[in-house]
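Note sheet for the following structure.
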Amino acid sequence: MKRNFTPIRMCVVCKKRFEQLKLRRYRIIDSSLFFGKGSGKSFYLCEECIKKDDKILKKSLGKVAGSFLATLQGGQNLKEILANGD
C-alpha cells in the first residue's frame, strides 16, 4: 500500500509551514540568487512574505541570504528581485 506524501516546508520569514508546492524556493550560489529547482542550500518564502516591506525582508533573510544581501546595490529592490525570481 503506497501512501500519498506531501513535503512540508517552512517560510523563513513568517515561520509558517506550507506544502512545498505552495512556496517559492530560492538558492544562493556564489552570492547570486537563483529561483526554482536545483541542488544546493536553499530557502523558501510564501507569497504573503514576498509582498512585505524590503526592510522586513532584509532583516528576516539575514541569516540565510547574507552573502546575497551584501551584494545588493542601493537602488535594487529586494522585493522586486524575489517576486520576479531573478
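Values for this structure:
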read-out: Neighbours by Cβ (under 7 Å, 6+ apart or cross-chain): first from the range 1-25, farther than 9 Å from C46 by Cβ; second assigned to a loop (DSSP other than H, G, I, E, B) and among the hydrophobic types (A, V, I, L, M, F, W, C); value: R9/L23
read-out: Residue that is least open to solvent (accessible area, probe 1.4 Å), among those in the range 45-86 that are polar (S, T, N, Q) and either in contact (Cβ under 8 Å) with a residue 24 or more places away in the chain or part of a helix (DSSP H, G or I) (or both); value: S60
read-out: When residues of the range 1-44 are limited to those that are among the hydroxyl-bearing types (S, T, Y), in contact with a strand residue (DSSP E or B) (Cβ under 7 Å, 6 or more places away or on another chain) and part of a strand (DSSP E or B), the one nearest to E80 (Cα to Cα); value: Y26
read-out: Selection count where residues are of a type outside the set (A, V, I, L, M), closer than 19 Å to T71 by Cα and open to solvent by 40 Å² or more (accessible area, probe 1.4 Å), scope the range 3-41; value: 6
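The values are calculated or read from the model by the stated rules, or taken from the named source; none is laboratory data. Remember, it's a predicted structure, so these values are computed and weren't measured experimentally. Quick reminder, even Gly has a Cβ in these numbers, built from the backbone with ideal geometry, and neighbours come from all protein chains shown. Surface areas here come from the heavy atoms of the whole protein model, side chains and all, with no ligands, DNA or RNA. Shrake-Rupley method; radii C 1.70, N 1.55, O 1.52, S 1.80 Å.
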